[in-house]
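First comes the structure, then the notes that go with it.
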Amino acid sequence: MAAILEAQDLRMTFYDPNRADVLALDGMSLAVEEGEFLAIVGPSGCGKSTLLRLLAGLLRPISGRVTYRGQPLTAPQREIGYVFQRSNLMPWRTVQANIRLPLEIAHAPQAETDARARSFISLVGLDGFADSYPAQLSGGMQQRVALARALIHEPAVLLLDEPFGSLDALTRERMNAELLRIWNLRRPTVVMVTHSISEAVFLADRVVVLTARPGRARAEFRIPLLRPRDLALTAEPAFVQLTRAVRSEIVD
Ligand SMILES: Nc1ncnc2c1ncn2[C@@H]1O[C@H](COP(=O)(O)OP(=O)(O)OP(=O)(O)O)[C@@H](O)[C@H]1O
Ligand SMILES: [Mg+2]
């Protein structure tokens, strides 16, 4: 299958005036197939967020390259949506105004942006909260707003950096089920970084495990579990076996 997004032999260092440079990634290669849900796991600090920012065109590698649909990626693209670990909402803007922000930046007409923002508010289950401010929402609701904001351009690729990492376990499970529902409707290509192995196995078609820093791909697992998936799946032997296999490849 064709790769929509590809990382080839990436090397990334961060300059730090107070100590030695940090080599975050070295020899990192990855091909993301169109339409797949890919999860990335690995030890803390191994370069997962760095990788995601490189895949988004938010950072440039020291060497190696990222291609999007076969073309070198040198700047952020509208077709590539990004959700940060913290929702990064603008506190002075309402839910609706946060969600329509990317369209405003693209100078879309206001009548159109409002209608679109409303339909995405519904999509993420926030009907009735269009005029609320982020501080009036729970953490899970704020992440829904961030998800809607990333989805409003109908991106071909959605990059998610531990989008539910700050939520309690129960809310997180619900958000995962919700994410799968939305993914099913639109089927964007998804690359999601997560600390949770069971979350990765539950959501993804494929899980890539990175080495400790400097990160590079160490192992990958196809997840052949049938879709649609629901939470009952997590109790099944096949699921438990896959999570165990993935865990055994994570080495600090
Ligand atoms: N902007 C930056 N400036 C300097 N060093 C950085 C910067 N961003 C990341 N690093 C360093 O690069 C390494 C990888 O960081 P990164 O955030 O990509 O790891 P991570 O795998 O996402 O970690 P975590 O699982 O804790 O989120 C770390 O050693 C970090 O200190
Ligand atoms: Mg990170």
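Determine the pairs where a residue that is within 12 Å of THR243 (Cα to Cα), located within the stretch 189-213, has a partner that is of a type in the set (S, T, N, Q) and within 13 Å of ligand 1 (Cβ to nearest atom) with Cβ atoms under 7 Å apart, the partner being 6 or more residues away or on another chain. So the pair list comes out as ALA200/THR194.
Please work out if SER44 is within 16 Å of ligand 2 (Cβ to nearest atom), polar (S, T, N, Q) and within 16 Å of the chain's Cα centre (by Cα). Please lay out each step first, then the result.
Numbers: within 16 Å of ligand 2 (Cβ to nearest atom): yes; polar (S, T, N, Q): yes; within 16 Å of the chain's Cα centre (by Cα): no.
No, not satisfied.
Would you confirm, using the coordinates I've provided, whether VAL32 is within 23 Å of PHE202 (Cα to Cα), away from ligand 1 (no atom under 11 Å from the Cβ) and touching a residue at least 40 places away in the same chain (Cβ under 8 Å)? Yes; evaluated as a whole, the condition is true for this residue.
Scanning the stretch 185-196 for residues that are under 16 Å from ALA39 (Cα atoms) and more than 16 Å from ligand 2 (Cβ to nearest atom) returns ARG187, PRO188, THR189, VAL190.
Among the conditions (1) more than 16 Å from ligand 1 (Cβ to nearest atom); (2) crowded, with 17+ Cβ neighbours inside 10 Å; (3) β-branched (Val, Ile, Thr), the only one that THR50 does not satisfy is (1). Only residues that are free of Cβ contacts under 8 Å to residues at least 40 places away in the same chain and within 16 Å of ligand 1 (Cβ to nearest atom) were counted across the stretch 58-108, and they come to 2. From the list THR189, THR211, THR234, the one residue that fits, being more than 16 Å from PRO43 (Cβ to Cβ) and more than 18 Å from the chain's Cα centre (by Cα), is THR234.
None of the figures in this text is laboratory data; all of them are computed from the coordinates on show. Keep in mind the model is a prediction, meaning the values are calculated, not measured. All Cβ positions, even for glycine, are placed from backbone atoms using ideal geometry, and neighbour counts span all protein chains on display.
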